[in-house]
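Chemist: Provided herewith is a single structure, encoded as structure tokens, for subsequent inquiry.
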Amino acid sequence: MEIVKMGIIGVGNMGSTHSLSIIEGRVPGMTLTAVADRDAARRDWAKEKLPDSVKIFEEGDDLIESGLCDAVIVATPHYQHPVLAIKAMGKGLHVMCEKPAGVFTKAVREMNEVAAKSDVTFAMMFNQRTNCVFRKMKEMVSSGKYGQIKRVNWIITDWYRAQSYYDSGAWRATWAGEGGGVLLNQCPHNLDLLQWICGMPDKVTAFCHEGKWHHIEVEDDVTAYLEYPNGATGVFVTTTGDAPGTNRFEVTLEKAKIVCENKKGEEGFTLSVYELEVSEREHCFSTPYGFMPPKGDWVSVETDGENPQHIGVLAAFADHILHGGPLVAKGEEGINGLTLSNAMHLSSWLGKTVTLPIDEDLFLEKLQEKVASSKVKVGGSVHFDTQGTY
């Protein structure tokens, strides 16, 4: 194989972006051979914008069976991600899954198990991992130079959405259509970065307010408290109802504080680090001065400045298939951020702290209750079989 023949299932916002990137030759090692979408308007878009050589299907199943593709991007509504990924893997196709990996971890775990038994490449579209700022944060935290994490705080409230956004589609912000709100729609990248950089907590206590700021049935305001195995704690706050919003990610370690914050009035992030001269733990039990914190100073942080985003993820995907190069994010890792959002939902629904790993059957039971009361029924009904597959 000299080039990866790619099919895209779902050519909405993200799928159409990927398709244009590929046909414009911006993704080395990849060519577009087929797309699929159930929406006639999106198929019309594909007929107008894509070359005649690209076959257009209505059903993803038909694209998978066509024999036209070596790999697929799954960019459909959330519930369908594991279903279509599993079908594609069963036909020997490589899979790139858009975020989130799914709606509930039981289905994603099944997807991961199929991937482990398949001789295919499986990857997640976690494009924020390509951002030089977040890569640098992970490098600094993982290096051990600054000791263990003591505290994590991420307030990300710059996801503002007006009611018209939610009114633009009957499936939006519904339990049956999306399976969640700000956690599952806007925050999968943040939750992935949180666990990628800081690791997974073992306890979660969350308050997920449903329809607090909008006329919707899912959560649009979340505050979560996290406890980590080493005793560190964290707070994750997000909403689509704040204006102006904030995006500030702080990681406090034994010998430093790392701060990542969006630039005021422009795109991108600033990254700064306050380094202590000695570990706070050492200083705490050795200094005779009860009110004096350890000395330190802000230091400059250099990154490589690169941020290839979606194209970088796709290029790495093609390179892995063709030459065995590293992926930006392995598909199996998609379950981690989803576990965090599932835990936050479950904690809020139960009104108590939940321990990880969560009770996946209990989560699915509670989700089914939400779906049963949802104002929209996708395809006339929503059901889950005995394997928890949508």
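Chemist: Checking LYS87 against (1) open to solvent by 10 Å² or more (accessible area, probe 1.4 Å); (2) over 26 Å from ASP361 (Cβ atoms), only one condition comes out false. Which one?
Modeler: Here LYS87 clears every test but (2).
Chemist: Quick check on my filter: what residues within segment 273-309 are open to solvent by 50 Å² or more (accessible area, probe 1.4 Å) and assigned to a helix (DSSP H, G or I)?
Modeler: Passing the criteria: ARG281, GLU282, CYS284.
Chemist: For segment 166-187, give me the residue count where each residue is open to solvent by 40 Å² or more (accessible area, probe 1.4 Å) and in contact (Cβ under 8 Å) with a residue 60 or more places away in the chain.
Modeler: So the answer is 2.
Chemist: Further question: Residues that are modelled with pLDDT of 95 or more, in contact with a helix residue (DSSP H, G or I) (Cβ under 9 Å, 6 or more places away or on another chain), open to solvent by 40 Å² or more (accessible area, probe 1.4 Å) and outside any helix (DSSP H, G or I): does segment 356-363 have at least one?
Modeler: yes
Chemist: Among the residues of segment 5-19 satisfying the criterion of being open to solvent by 50 Å² or more (accessible area, probe 1.4 Å) and more than 14 Å from LEU68 (Cβ to Cβ), which is modelled with the lowest pLDDT?
Modeler: Here the answer is ASN13.
Chemist: Do you know which of the residues in segment 134-149 that are open to solvent by 70 Å² or more (accessible area, probe 1.4 Å) and either over 20 Å from the mean Cα position of the chain (by Cα) or without any contact (Cβ under 8 Å) to a residue 60 or more places away in the chain (or both) is farthest from GLN195 (Cα to Cα)?
Modeler: In this case the residue turns out to be LYS145.
Chemist: Looking only at segment 83-100, decide whether some residue is closer than 28 Å to ASP359 by Cα and touching a Pro at 6+ places or on another chain (Cβ under 7 Å).
Modeler: Within segment 83-100, one or more residues are closer than 28 Å to ASP359 by Cα and touching a Pro at 6+ places or on another chain (Cβ under 7 Å).
Chemist: Any residue at all in segment 189-197 that is within 19 Å of GLU333 (Cβ to Cβ) and among the β-branched types (Val, Ile, Thr)?
Modeler: Among the residues of segment 189-197, at least one is within 19 Å of GLU333 (Cβ to Cβ) and among the β-branched types (Val, Ile, Thr), which makes the answer yes.
Chemist: Among the listed residues LEU338, LEU367, identify the single one that is over 15 Å from the mean Cα position of the chain (by Cα) and assigned to a helix (DSSP H, G or I).
Modeler: Only one candidate qualifies: LEU367.
Chemist: Just to be sure before I move on: is ALA71 hydrophobic (A, V, I, L, M, F, W, C) and open to solvent by less than 30 Å² (accessible area, probe 1.4 Å) in the structure I sent?
Modeler: yes
Chemist: Next question. For segment 234-272: of the residues being of a type in the set (A, V, I, L, M) and touching a residue at least 60 places away in the same chain (Cβ under 8 Å), which is surrounded by the fewest Cβ atoms within 10 Å (Cβ to Cβ)?
Modeler: Across segment 234-272, the extreme among qualifying residues is ALA243.
Chemist: Mind listing just one residue for me: the one in segment 20-30 that is out of contact with any Leu (no Cβ under 6 Å at 6 or more places or on another chain) and open to solvent by less than 50 Å² (accessible area, probe 1.4 Å) and, of those, farthest from ASP62 (Cα to Cα)?
Modeler: Result: SER21.
The values are calculated or read from the model by the stated rules, or taken from the named source; none is laboratory data. Only a predicted model underlies this, so the values are computations on that prediction, with no experimental measurement involved. Glycine gets a Cβ as well: all are built from the backbone with ideal geometry, and neighbour counts include every protein chain shown. Just so you know, the surface numbers come from the protein's heavy atoms only, side chains and all, with ligands and any DNA or RNA stripped out. Shrake-Rupley method; radii C 1.70, N 1.55, O 1.52, S 1.80 Å.
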